[in-house]
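Peer 1: Mind having a look at this structure? Questions to follow.
Where a number appears in this text, it was derived from the coordinates with a stated rule and is not lab data. Since the structure is predicted, the reported quantities are computational estimates derived from the model, not experimental observations. Every residue, glycine among them, receives a Cβ derived from its backbone with ideal geometry; neighbour counts consider all protein chains shown.
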Amino acid sequence: MNIKFNKKRKTIKLFLVFFFMIMGLSNIHAQKEKKLLRKGNRLYDDNKYSEAEIKYRKANETEKSTYKSTFNIGAALYKQEKYEEAAKEFSNVTAGIHTKDDLAKAYHNLGNTFVNVQKYEEAVEAYKHALRNVPGDMETKYNLAYAQSKLRQQEQQQQENKENKDQEEDQEEQ
């Protein structure tokens, strides 16, 4: 009976040692990510967006379960005027966010990136998603109205271009 007790005790000790080792390693990864995010944030605040993007990408490699590094990559890309890439990052981040405020921020920024590449229909949808999560956000409401106005202008311009093209074709036929 004494031998079985010792085996159980050793097994429990080994299990606890491995458990705490694994917990320690995951904590180290989380600390590394936070450290890289802080460094990236300092670079971002200093308008060094390209360098900040690199830190954010390194943070993203260490711990992919958080959305902060992906969100920050999108912000850094946006500041570098890499709007298409920024839109991809903001789109990716929306799947991993669980709070309404953070989701609204991601959609708001996604809308901003679409405006900058003149994809007004997509911008309108992104701003609407943002407002579904935080209905009282005045900046998003303003941006939505702006994107809707630009969309109407774009549609009018397309209609005018179509009419002009049709008139030219009619004149050529005569």
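Peer 1: Just list whichever of LYS34/LYS82; LYS68/LYS141; LYS32/LYS141 have alpha carbons separated by over 29 Å in the model shown. Could the numbers behind the result be given before it?
Peer 2: Numbers: LYS34/LYS82 25 Å; LYS68/LYS141 24 Å; LYS32/LYS141 37 Å.
Listed pairs above 29 Å: LYS32/LYS141.
Peer 1: I've got another one for you. What order do you get for 145-155, 80-90, 35-45 when each peptide is scored by the mean count of other beta carbon atoms within 10 Å, highest first?
Peer 2: On the way: 145-155: 14.6, 80-90: 19.1, 35-45: 17.5.
Order by mean packing, descending: 80-90, 35-45, 145-155.
Peer 1: A further question follows. Need the full-extension length gain, MET138 to GLU155, defined as separation in residues times 0.36 nm minus the C-alpha distance. One decimal, nm. Before the final figure, lay out the partial values.
Peer 2: On the way: separation 17, 0.36 × 17 = 6.12 nm, distance 2.56 nm.
So the extension gain works out to 3.6 nm.
Peer 1: Once phi is turned into θ = phi - 60°, what whole-Hz ³J(HN,Hα) does the Karplus curve with 6.51, -1.76 and 1.60 give for every residue of segment 100-115, x standing for Gly and Pro?
Peer 2: With the stated coefficients, segment 100-115 comes to 5, 4, 5, 5, 4, 4, 5, 5, 4, 5, 4, x, 4, 5, 5, 4 Hz.
Peer 1: Give the Debye-formula value of log10 I(q)/I(0) at each listed q (0.11 Å⁻¹), with one equal scatterer per alpha carbon of segment 98-174, two decimals each.
Peer 2: Each listed q maps to, in turn, -0.38.
Peer 1: Can you run phi through the Karplus equation (6.51, -1.76, 1.60; θ = phi - 60°) for segment 146-163 and list ³J(HN,Hα) in whole Hz, with x for Gly and Pro?
Peer 2: Those phi angles translate into 4, 5, 5, 5, 5, 5, 4, 4, 4, 5, 4, 4, 5, 5, 4, 4, 5, 5 Hz.
Peer 1: When only alpha-carbon atoms count, how far does segment 38-174 stretch along each of its three principal axes, as whole angstroms with the largest first?
Peer 2: Cα extents, longest axis first: 68, 32, 25 Å.
Peer 1: Compute log10 of I(q)/I(0) for segment 39-98 with the Debye formula, placing one identical point scatterer on every Cα and leaving out solvent, at q = 0.28 Å⁻¹, to two decimals.
Peer 2: With no solvent term, the Cα-only Debye profile gives -1.14.
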